[in-house]
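Asks: First the structure, then my questions, so here it is.
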Amino acid sequence: MARRGGRHFLQIPGPTNVPDRILRAIDNPTIDHRGPDFAALAQGVLQDVRTIFKTEQPVVIYTASGTGAWEAALVNALSPGDRVLMYETGQFSTLWRNLAERIGLKPQFIAGDWRHGADAAAIQAALAKDSSHEIKAVCVVHNDTSTGITSNVPAVREAIDAAGHPALLMVDVISSLGSIDYRHDEWGVDVTVGGSQKGLMLPPGLSFNAVSVKARVAAKTSRSMRSYWDWEEMIQANANGVFPYTPGTNLLFGLREAIDMLHEEGLDNVFARHDRHAEATRRAVNAWGLEVLCQNEAEYSSALTAVLMPEGNDADNFRKTVLENFDMSLGNGLGKVAGKVFRIGHLGDFNDLMLSGTLCGVEMGLGLAGVPHSTGGVAAAMDYLMAGRQSA
Ligand SMILES: *Cc1c(COP(=O)(O)O)cnc(C)c1O
């Protein structure tokens, strides 16, 4: 490919732009993972990563993509043949369901329309019918990255409690951790599944399970075959700052930096920044006369916005136009909405001018691709961004 000036705009909703500070941290010589320097690093990171999940429970760190941590959650706490209640919020909930089925669980999938989050009342109704408590876990994706929908996790917790059901609650926060407020302990979640390459601003390669006492107790009697994913072996080794196998040493240098950066900014400020950029993006979408895929305002994602293409226009053709002309990658439509939506990632290490540039590329791309729209989206976003700033 011919050289292009300037930085590529990586506006897919993960992997996200990795800040220079994290790149510099990763760019250090790999150290002995059984030596004293590594033990100090690991103990610090394992302790401090809990503040990002808002938990005092152990967080297991895997050298794996998010999918690995999905599997880890299921094989540690559940046994073959166990029923799990899952909710269809988009492609990521569908993939987790498929994984559950492949490893011998019996998922019960509550159908959704890909435009609304997990319906707590439907979950409560399904649990109420299960009087013999055959359902062993309820699994929800906090922020479904395929649809730009954020589900209300505390409402799901309340639904389980209201049904008086003992099922574990498992939540995928792969694209909300570090972007949207999340509280593992306060919300009574048993297993939280995270990943490195989205709100945490790291490259792909690490993933996480935050694990409650109840989940660890369930793991003691689980009959699923597992070795690499086993929580207990990991948690015991981690107590001494070691891993049972070679960890992703350089990614852990990066994780140290990412945790520090999130706290330097302050988690609440990080979440407010994401909310603001999401609102500015939706104002642009409205001004273009296009439609946001998510139909419930209370469930709009602050990490990304999925935009519906006008009927008869191919989203991937539009994305190709943007990539070729402006060197920007936008997220494609996944699964049922392939070709019908494009996704604007506005999560991770991101600021007002990066967002403005992103929206500018979208607006010019709509024009070049001949997609029917009104101009003025960028201006609407700018007005909103400006209103939130101080005048001289
Ligand atoms: C990205 C993502 C995944 C998949 O993670 P991989 O790292 O690609 O395995 C799962 N769930 C959600 C919500 C995601 O955004």
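Asks: Let me spell it out: the conditions are (1) under 22 Å from the mean Cα position of the chain (by Cα); (2) basic (Lys, Arg); (3) over 24 Å from residue 197 (Cα atoms), and residue 283 meets all of them except one. Which number is the exception?
Replies: (1)
This table checks each residue for (1) in contact with an Asp or Glu (Cβ under 7 Å, 6 or more places away or on another chain); (2) closer than 19 Å to residue 250 by Cβ; (3) of a type in the set (A, V, I, L, M, F, W, C).
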position	(1), (2), (3)
10	no, no, yes
22	yes, yes, yes
42	no, yes, yes
46	no, yes, yes
50	yes, no, no
53	no, no, yes
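Asks: Restricting the first residue to the stretch 190-215 and requiring it to be more than 16 Å from residue 257 (Cβ to Cβ), which pairs with a second residue that is more than 10 Å from the ligand (Cβ to nearest atom) and acidic (Asp, Glu) meet a Cβ separation below 7 Å and a spacing of at least six or different chains?
Replies: Close Cβ pairs satisfying both conditions: 212/190; 214/190; 215/190.
Asks: Looking only at helices (runs of 4 or more DSSP H) that fall completely inside the stretch 278-392, which ones have 1 or more residues that are aromatic (Phe, Trp, Tyr)? Outline the logic, then answer.
Replies: Details: elements: 315-326, 352-368, 377-387.
The qualifying helices (runs of 4 or more DSSP H) are 315-326, 377-387.
Asks: Among what's in the stretch 34-66 and is surrounded by 15 or more Cβ atoms within 10 Å (Cβ to Cβ) and among the basic types (Lys, Arg), pick the residue that is nearest to residue 231 (Cα to Cα).
Replies: By that ranking, first place goes to 50.
Asks: Would you check if there is a residue in the stretch 241-249 being under 24 Å from residue 186 (Cα atoms), of a type in the set (Phe, Trp, Tyr) and in the same structural domain as residue 178 (by TED's automatic domain parsing)? It would help to see each step written out before you state the result.
Replies: Going residue by residue through the stretch 241-249, those that are under 24 Å from residue 186 (Cα atoms) are none.
No, that holds for no residue.
Asks: Sticking with this one: Name the residues in the stretch 166-190 that are more than 19 Å from residue 267 (Cβ to Cβ) and away from the ligand (no atom under 11 Å from the Cβ), would you?
Replies: As a first pass, look at the stretch 166-190 and keep what is more than 19 Å from residue 267 (Cβ to Cβ): 166-170, 172, 188, 190.
Residues satisfying the conditions are 166, 167, 168, 169, 170, 188, 190.
Asks: So which of 214, 198 ends up being within 16 Å of the ligand (Cβ to nearest atom), of a type in the set (D, E, K, R) and touching a strand residue (DSSP E or B) at 6+ places or on another chain (Cβ under 9 Å)? Step through it out loud before you land on a result.
Replies: On the way: 214 fails: within 16 Å of the ligand (Cβ to nearest atom).
Checking each option against the conditions leaves just 198.
Asks: Within the stretch 283-318, which residues are crowded, with 24+ Cβ neighbours inside 10 Å and polar (S, T, N, Q)?
Replies: 301, 302, 305
The values are calculated or read from the model by the stated rules, or taken from the named source; none is laboratory data. Nothing here was measured: the structure is a model prediction, and the numbers come from that model. Virtual Cβ from ideal backbone geometry, glycine too; neighbours counted across all protein chains shown.
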